[in-house]
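Comments concern the structure below.
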4 protein chains.
Amino acid sequence: MTTIADERMIPATVGTTQATMKALVYGGPGQRTWTSKPKPVVRDPGDAVVRITTTTICGTDLHILKGDVPSVTPGRILGHEGIGIVESVGAAVTAFHAGDRVLISCISACGICDLCRRGMYSHCRTGGWILGNTIDGTQAEYVRTPHADTSLYHVPANADEDALVMLSDILPTAFECGVLNGQVQPGDTVAIVGAGPIGLAAVLTAQFYSPSAILMIDLDANRLKVAGDLGATALIDSSDGLAVERVMKLTGGAGVDVAIEAVGVPATFDICQAILAPGGRLANIGVHGKPATLHLEKLWDRNIRITTRLVDTAATPMLLKLVSSGKLQPAKLVTHRFALGDIMKAYDTFGNAAKERALKVILQNG
Amino acid sequence: MTTIADERMIPATVGTTQATMKALVYGGPGQRTWTSKPKPVVRDPGDAVVRITTTTICGTDLHILKGDVPSVTPGRILGHEGIGIVESVGAAVTAFHAGDRVLISCISACGICDLCRRGMYSHCRTGGWILGNTIDGTQAEYVRTPHADTSLYHVPANADEDALVMLSDILPTAFECGVLNGQVQPGDTVAIVGAGPIGLAAVLTAQFYSPSAILMIDLDANRLKVAGDLGATALIDSSDGLAVERVMKLTGGAGVDVAIEAVGVPATFDICQAILAPGGRLANIGVHGKPATLHLEKLWDRNIRITTRLVDTAATPMLLKLVSSGKLQPAKLVTHRFALGDIMKAYDTFGNAAKERALKVILQNG
Amino acid sequence: MTTIADERMIPATVGTTQATMKALVYGGPGQRTWTSKPKPVVRDPGDAVVRITTTTICGTDLHILKGDVPSVTPGRILGHEGIGIVESVGAAVTAFHAGDRVLISCISACGICDLCRRGMYSHCRTGGWILGNTIDGTQAEYVRTPHADTSLYHVPANADEDALVMLSDILPTAFECGVLNGQVQPGDTVAIVGAGPIGLAAVLTAQFYSPSAILMIDLDANRLKVAGDLGATALIDSSDGLAVERVMKLTGGAGVDVAIEAVGVPATFDICQAILAPGGRLANIGVHGKPATLHLEKLWDRNIRITTRLVDTAATPMLLKLVSSGKLQPAKLVTHRFALGDIMKAYDTFGNAAKERALKVILQNG
Amino acid sequence: MTTIADERMIPATVGTTQATMKALVYGGPGQRTWTSKPKPVVRDPGDAVVRITTTTICGTDLHILKGDVPSVTPGRILGHEGIGIVESVGAAVTAFHAGDRVLISCISACGICDLCRRGMYSHCRTGGWILGNTIDGTQAEYVRTPHADTSLYHVPANADEDALVMLSDILPTAFECGVLNGQVQPGDTVAIVGAGPIGLAAVLTAQFYSPSAILMIDLDANRLKVAGDLGATALIDSSDGLAVERVMKLTGGAGVDVAIEAVGVPATFDICQAILAPGGRLANIGVHGKPATLHLEKLWDRNIRITTRLVDTAATPMLLKLVSSGKLQPAKLVTHRFALGDIMKAYDTFGNAAKERALKVILQNG
């Protein structure tokens, strides 16, 4: 099995005569700069180089900036979401050509290895989440995307870029890790804990399966209101610590069929455990930094199932269809819009999400 | 919804003129006696009264005797497994008649309520695990079985009672909670932690799906040997605390597709978490008295699934077919045999399982 | 296994002193009368007698009147759909009591037999479709319903009877046989052949799974228009015999993911075969009187699946939830309304469906 | 989407200076020769050239020779099964290198297109069954295999080539089209119609799921005996036209859960339809040249499912594991063995299968 060219192995001098571009570069915990970097080139036969037209910032990028993601080293260009125009492709790329408008998936997948063949692209032996993590990412004027044939998607004509950039990460993440893994079925009662962009994307995509109720649990009144606008049928303010009691009351003591964890801390995972009906599914989306307590002494005989998942983006073609047909309108998650050159300011806004009432911020290049 | 007659509500004097029988009666923690009790009678239209011909003792019965199961109160006849002959049935029973030889399921199910209609008999609104728990059980000369139509099974002619009594509880438990929930598939690598009767029943029933390897992990050399005789392909002595390392080595660092927890303590649940491959399934069978630590900080992106389940016995008809066709030979789990009148001695033997090399003990009545 | 009391076996003299009621009685091909019949009584312990408040007429009733259903013999009261108030119940009925408002399922199921235990209520050993077929049905002032515990459903307070009577048959039929068997998934392209009440119910319930396109194919302009109002995204008039060509053009030559046959003749089954994409599912709902030609010479390597099904009504509890939550509005299928005493006129209207623009006709009793 | 180099488009003069090899060449209906052909070379970046060490003959090759497969044109080298050593690879091939010992799948798949992404490799936009069909095949000293990364498999060390060459086509075909599509479950009753190599491979692979009975139906006493040796539990000689009656009698009138059609003519498809129990699955494997009559007038309410499939070879990695672990022993299907140079004689033997008692013939090269 071959491996992807790792930029850390390539001496800095290699790029000296290269063209340059501007990019958002991680400089260690708390440090980010909008600065010049060499413009990327095709290195492996499966690569494409894409000129970014639209990108965005993910909650994960804030985690990186806190120093919480050790795989990201100083000097790395951040970003794993984007839309752009193909500039050039390697010799082995067959599905894309220069000039094609493409959606960049947050997951790079070879399509060949045993895990890709099982649809588990997130664990591709030479891919997975590498963009803006172990190789340079999309918050830049250009990006090199490995395994282009299986990691890019053609953008339908006339498609709305604001909507589509939501399909790089948060829509497939909410759908695959939350809705699909939670096996949401018609008539189900679904609780979603956390009304950030991912939790709200779960509100949107849970409706693909016509649950009879969607309960949103969060601390932030504004975000709860947005959840209601997007389709949540009950809004539960958990700031007084009584979310579990409220859910049990709302469900007549039965609990919920599906609990979707979209925060990533023990307290919210606890809420999810406590509200599951017998036969219920707990679908974790949150990125956890600590263990949780699993109450097996209560759950061992409850016929429940708990799932975790890193998004595989296997659902991306389906999501593209539903955006094209107008059934899915992810642009509703966009609250702010900046020029790519103003990305430092965009980070400030996104980093103060509660105060700024920010969900997703769009960055446009030219 | 009606409720099942609860014997605790019925004054002791009711039975004074009834015929009596002998039964194994729980007297509080550490206390059991083989003593006289009123012979049961039909109370609800759906009841059957069955004369026990074969019964056995479950690990759960030992837990009850330790005082670990608060729903079991002093005076209760224990036992939730058995074969017998129907003595009499209530007016609503249509599928069974006096004289029929029947297998008694450890789960009583009405077949009507919302949870039964979803196949979750274990959580039947008026049933579930009640025999030898909240109503009198099968370690007696006679037992009253509620919801007879949906909780008894006709015994095929010429069937071996030793084999069939394993179908009251441990075979469906191992199969449904371990093998089915673990989604064992052809070619899979399966690890089973715990080589007690349930873990060994998982070895037998995992083979229904042709895994390429079955790794058994236990502390007891004799039980490991039995596991090997029943079909385990690798035997891992975990007494030195290095089970995880051994599994990872045996799997070339990949981990296992399915980990089946058949003990019920945090340490064994930990082993299961640690050996799962990406995409792996952890199927809990063990009865847990304490919480476990769930390592979400490692597992959140591993695409794993964890399940719990109280046996539904939905698989019992299928297991009966496989015993009849000779594909399943659960009598291999029987190590000792007693007359029902010697049940006190049988408990002594079963309670010293390691020393006595006991797995399942058969108790025969007449 | 016991059998359901068959009224044909009971001498006519039995009812002489019984109270009487009015009922729609089949008198042989082409013959129906609204006439007096003995009011039914509880015969088996599992029976309920229900006073009908709302009923309706099914396309199958018209087939019976043509003499196409040999199991229906002269003297039979027709009808297998209805809402009513329980009058009396047998000794074994536990979930319903006199005065309860109930939905009557078109399928009677014992809940006990091997096929019921597998959820295949339609093939219950002592039930299935018997109402208005082998026992007297619901187009009457009263009806006896066997297996009441597993064949009736409590009606939610404040529920709309017009909507709910659609749940006796056509909604679960369209959903289970068409949508579930067709495995409609988000983003799919679904074609439905036949815009009668069942096909239109398939339009409503296919939307539970968010297909990107629903193509309705029919000969009747009015029914096509209704399909569009209910959610079909493309309307294909097949009167010129070019439906296949139109579907292929609309799908860019790809064909459809799901084809739902809702007519029941060889020609419409042929359309379904011809428009399936590789990997497509053909879900038959139609009642067929003749064989069809299966083009295995074209289909053997197309990875398709064809299903048939008699409705099991296993989905009825879910459909009740979605009606209660307002996500499903089957009352849209009601075009006409009569007093039960005017059922002869209602049959005339329903029998001239095209001219009368009739879909479902509601019959109300008192 | 790029297309695979089609050799028909390349002028014959191109190969004039190439090295030559020997190959079995189709010359039109009834015509085959073992003759010299240019040795293939890498043309596309995803190609490998493989030196064949073992190959075999498929029933499909006989169909081609009868002229039944119009996509095969005179001059084509036949064969779509084989094991060999990689000679050279194109620039885009990453998983294989010269010297690797490989299993060649009968299906070539790009891994990139929409259908490959759904696991439907058989319908790959630029692949599918092309070897020995629209491009030159494996009955030769060398073969060019397109899409090498996703169409070849590493052969485990010490593996038996006789066994493995059965994994090019017949084992995955019988398993995927018959056993998987038939959803064989533990305890099921399975009927297989046709005891040729494919039907016998279905006997082997149906046992992965522990059915309680496997009924083999065929006209040939020798093949029935082999089926019994491989695990069939009942052997039904259909030469008197009474196969249906025998199956119904053997199943106590119930019919079978799964019927696998492994012949490809209307008469055997009819048997399958007639023996299905309610809820049964009919899995077609046979290659059909004519339509069949589908008895919808009997089947519309039987809750059955009929599937067709061209093998996707998605199960090949799993089958490799089960061969390595010794659970699957496909070499039992090998009856004859020839040197590759004697392939003309091998065809004679295979073409007289009944008389020669031939199942699979092995051809070895050096």
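When segment C:143-174 is examined, which residues are found to be of a type in the set (G, A, S), in a helix (DSSP H, G or I), closer than 11 Å to C:T54 by Cβ and modelled with pLDDT of 95 or more? Step through it out loud before you land on a result.
Just the residues of segment C:143-174 that are of a type in the set (G, A, S), to begin with: C:148, C:151, C:157, C:159, C:163, C:168, C:174.
From what is left, the residues that are in a helix (DSSP H, G or I) are C:148, C:151, C:163, C:174.
Still in the running and closer than 11 Å to C:T54 by Cβ: C:163.
Across segment C:143-174, there are no qualifying residues.
Within segment B:153-176, how many residues turn out to be more than 24 Å from B:G351 (Cβ to Cβ), surrounded by 24 or more Cβ atoms within 10 Å (Cβ to Cβ) and more than 14 Å from chain D (Cβ to nearest Cβ)?
Adding up the residues that qualify gives 1.
Looking at segment B:72-84, can you tell me whether even one residue there is farther than 27 Å from B:A339 by Cβ and more than 14 Å from chain C (Cβ to nearest Cβ)?
Taking segment B:72-84 as the starting set, the residues that turn out to be farther than 27 Å from B:A339 by Cβ are B:73.
Next, from what is left, pick out any that are more than 14 Å from chain C (Cβ to nearest Cβ): B:73.
Yes, there is a match, as at least one residue in segment B:72-84 is farther than 27 Å from B:A339 by Cβ and more than 14 Å from chain C (Cβ to nearest Cβ).
Do we have any residue at all in segment D:293-304 that's buried (at least 20 other Cβ atoms within 10 Å of the Cβ), modelled with pLDDT of 95 or more and among the charged types (D, E, K, R)?
Here is the first cut: in segment D:293-304, the ones buried (at least 20 other Cβ atoms within 10 Å of the Cβ) are D:294, D:296, D:299-304.
With modelled with pLDDT of 95 or more added as a condition, the list becomes D:294, D:296, D:299-304.
Okay, now just the ones that are also among the charged types (D, E, K, R), so D:301-302.
So far as segment D:293-304 goes, yes, one or more of its residues are buried (at least 20 other Cβ atoms within 10 Å of the Cβ), modelled with pLDDT of 95 or more and among the charged types (D, E, K, R).
Can you name the condition, by its number, that B:P70 falls short on among (1) of a type outside the set (A, V, I, L, M); (2) in contact with a Lys or Arg (Cβ under 9 Å, 6 or more places away or on another chain); (3) more than 20 Å from B:L320 (Cβ to Cβ)?
The single condition B:P70 does not satisfy is (2).
Go through the residues of segment D:245-255 one by one and say whether even a single one is more than 29 Å from B:T205 (Cα to Cα) and touching a helix residue (DSSP H, G or I) at 6+ places or on another chain (Cβ under 7 Å).
No, the conditions are met nowhere in segment D:245-255.
Which of (1) in contact with an Asp or Glu (Cβ under 7 Å, 6 or more places away or on another chain); (2) buried (at least 24 other Cβ atoms within 10 Å of the Cβ) does C:I192 not meet, given it meets every other one?
Unmet for C:I192, out of (1) in contact with an Asp or Glu (Cβ under 7 Å, 6 or more places away or on another chain); (2) buried (at least 24 other Cβ atoms within 10 Å of the Cβ): (1).
Where residues in segment D:272-290 are farther than 21 Å from C:K298 by Cβ and among the hydrophobic types (A, V, I, L, M, F, W, C), which of them is farthest from the other protein chains (Cβ to nearest Cβ)?
It comes out as D:I275.
From the residues in segment D:90-111 that are facing chain A (nearest Cβ under 9 Å) and buried (at least 24 other Cβ atoms within 10 Å of the Cβ), which one is farthest from the chain's Cα centre (by Cα)?
So in segment D:90-111, the residues facing chain A (nearest Cβ under 9 Å) come out as D:90-95, D:110-111.
This time we only want the ones that are buried (at least 24 other Cβ atoms within 10 Å of the Cβ), so: D:93, D:110.
Numbers: D:V93: 25, D:C110: 19 Å.
Checking each candidate, the answer is D:V93.
Within segment B:258-265, is even one residue surrounded by 24 or more Cβ atoms within 10 Å (Cβ to Cβ) and among the acidic types (D, E)?
Looking for residues that are surrounded by 24 or more Cβ atoms within 10 Å (Cβ to Cβ) and among the acidic types (D, E), one finds at least one in segment B:258-265, hence yes.
For segment C:328-366, give me each residue that is within 18 Å of C:A163 (Cβ to Cβ) and among the aromatic types (F, W, Y).
Scanning segment C:328-366 gives a single hit, C:F338.
Yes or no, residue by residue, for (1) touching a Cys at 6+ places or on another chain (Cβ under 7 Å); (2) at pLDDT below 95; (3) under 30 Å from A:V69 (Cα atoms); (4) aromatic (F, W, Y):
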{"site": "B:A206", "(1), (2), (3), (4)": "no, no, no, no"}
{"site": "B:A213", "(1), (2), (3), (4)": "no, no, no, no"}
{"site": "B:D220", "(1), (2), (3), (4)": "no, no, no, no"}
{"site": "B:A254", "(1), (2), (3), (4)": "no, no, yes, no"}
{"site": "B:E261", "(1), (2), (3), (4)": "yes, no, no, no"}
{"site": "B:F269", "(1), (2), (3), (4)": "no, no, yes, yes"}
{"site": "B:P278", "(1), (2), (3), (4)": "no, no, yes, no"}
{"site": "B:L282", "(1), (2), (3), (4)": "yes, no, yes, no"}
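Look at segment D:182-200 and say how many of its residues are part of a helix (DSSP H, G or I) and either of a type in the set (F, W, Y) or more than 14 Å from every other protein chain (Cβ to nearest Cβ) (or both).
Of the residues in segment D:182-200, the ones part of a helix (DSSP H, G or I) are D:197-200.
Retained after the next criterion (residues that are either of a type in the set (F, W, Y) or more than 14 Å from every other protein chain (Cβ to nearest Cβ) (or both)): D:197, D:199-200.
So the count comes out to 3.
Give me the pairs: first residue in segment B:291-312 and within 7 Å of chain A (Cβ to nearest Cβ), second residue of a type in the set (F, W, Y), beta-carbon distance under 7 Å, and six or more apart or on different chains, which are they?
These pairs meet every condition: B:A292/B:F269; B:L296/A:F269; B:T308/A:W300; B:L310/B:W129.
Just one of D:R117, D:R144 is within 14 Å of chain C (Cβ to nearest Cβ) and either of a type in the set (S, T, N, Q) or farther than 19 Å from D:T307 by Cα (or both); which is it? Break it down stepwise before answering.
Details: D:R144 fails: within 14 Å of chain C (Cβ to nearest Cβ).
Residue meeting the stated conditions: D:R117.
Exactly one condition in (1) closer than 17 Å to C:I285 by Cα; (2) free of Cβ contacts under 8 Å to residues at least 60 places away in the same chain; (3) within 14 Å of another protein chain (Cβ to nearest Cβ); (4) touching a Lys or Arg at 6+ places or on another chain (Cβ under 9 Å) is not met by C:A206; state its number.
All conditions pass for C:A206, except number (4).
Sort out which residues of segment C:122-167 are within 25 Å of C:K321 (Cα to Cα) and aliphatic (A, V, I, L, M), and write them in order of number.
Selection gives C:L131, C:A148, C:L152, C:V155, C:A157, C:A159, C:A163, C:L164, C:V165, C:M166, C:L167.
Exactly one of these conditions fails for D:Q207: (1) surrounded by fewer than 24 Cβ atoms within 10 Å (Cβ to Cβ); (2) over 27 Å from B:A206 (Cβ atoms). Give me its number.
Checking D:Q207 against (1) surrounded by fewer than 24 Cβ atoms within 10 Å (Cβ to Cβ); (2) over 27 Å from B:A206 (Cβ atoms), the one that fails is (2).
Run D:I64 past the list (1) among the β-branched types (V, I, T); (2) touching a strand residue (DSSP E or B) at 6+ places or on another chain (Cβ under 9 Å); (3) part of a loop (DSSP other than H, G, I, E, B); (4) more than 14 Å from chain A (Cβ to nearest Cβ) and report the number of the one that doesn't hold.
Failing condition for D:I64: (3).
For residues that are touching a residue at least 24 places away in the same chain (Cβ under 8 Å) and in a loop (DSSP other than H, G, I, E, B), scanning just segment C:328-366, find the one that is farthest from C:G194 (Cα to Cα).
Of all residues in segment C:328-366, those touching a residue at least 24 places away in the same chain (Cβ under 8 Å) come to C:328-341, C:343-344, C:346-347, C:350-351, C:353-354, C:357, C:359-366.
After this cut, where a residue has to be in a loop (DSSP other than H, G, I, E, B) as well, the list is C:328-329, C:357, C:359, C:365-366.
Working: C:L328: 20, C:Q329: 20, C:R357: 15, C:L359: 12, C:N365: 31, C:G366: 34 Å.
Restricting to residues being touching a residue at least 24 places away in the same chain (Cβ under 8 Å) and in a loop (DSSP other than H, G, I, E, B), the top hit is C:G366.
Taking D:R281 as the residue in question, decide whether it is closer than 24 Å to C:V179 by Cβ and touching a residue at least 40 places away in the same chain (Cβ under 8 Å). Walk me through how you get there before you give the answer.
Working: closer than 24 Å to C:V179 by Cβ: yes; touching a residue at least 40 places away in the same chain (Cβ under 8 Å): yes.
Yes.
Please determine, by comparing only the residues of segment A:266-290 that are over 12 Å from A:V190 (Cβ atoms) and among the charged types (D, E, K, R), which one is surrounded by the most Cβ atoms within 10 Å (Cβ to Cβ). I'd like the intermediate steps shown before the answer.
Initially, segment A:266-290 is screened for residues over 12 Å from A:V190 (Cβ atoms), giving A:266-271, A:273-274, A:278-279, A:284-290.
Going one step further and asking which of them are among the charged types (D, E, K, R), we end up with A:270, A:290.
Working: A:D270: 18, A:K290: 11.
So the residue we want is A:D270.
Within the group B:S212, B:S239, which residue is over 19 Å from B:G178 (Cβ atoms) and free of Cβ contacts under 8 Å to residues at least 60 places away in the same chain? Can you show your working first?
Working: B:S212 fails: over 19 Å from B:G178 (Cβ atoms).
Result of the check over B:S212, B:S239: B:S239.
Which one of these does D:R43 not meet: (1) surrounded by fewer than 19 Cβ atoms within 10 Å (Cβ to Cβ); (2) touching a residue at least 24 places away in the same chain (Cβ under 8 Å); (3) in contact with a Ser or Thr (Cβ under 8 Å, 6 or more places away or on another chain); (4) assigned to a loop (DSSP other than H, G, I, E, B)?
Only one criterion in (1) surrounded by fewer than 19 Cβ atoms within 10 Å (Cβ to Cβ); (2) touching a residue at least 24 places away in the same chain (Cβ under 8 Å); (3) in contact with a Ser or Thr (Cβ under 8 Å, 6 or more places away or on another chain); (4) assigned to a loop (DSSP other than H, G, I, E, B) is unmet by D:R43, namely (3).
Taking B:K345 as the residue in question, decide whether it is within 23 Å of B:S105 (Cβ to Cβ) and of a type in the set (D, E, K, R). Outline the logic, then answer.
On the way: within 23 Å of B:S105 (Cβ to Cβ): no; of a type in the set (D, E, K, R): yes.
No; evaluated as a whole, the condition is false for this residue.
The values are calculated or read from the model by the stated rules, or taken from the named source; none is laboratory data. Here the structure is a predicted model, which means the values were calculated and not measured. With ideal geometry, Cβ positions are generated from the backbone for all residues, glycine too; neighbour counts draw on all protein chains shown.
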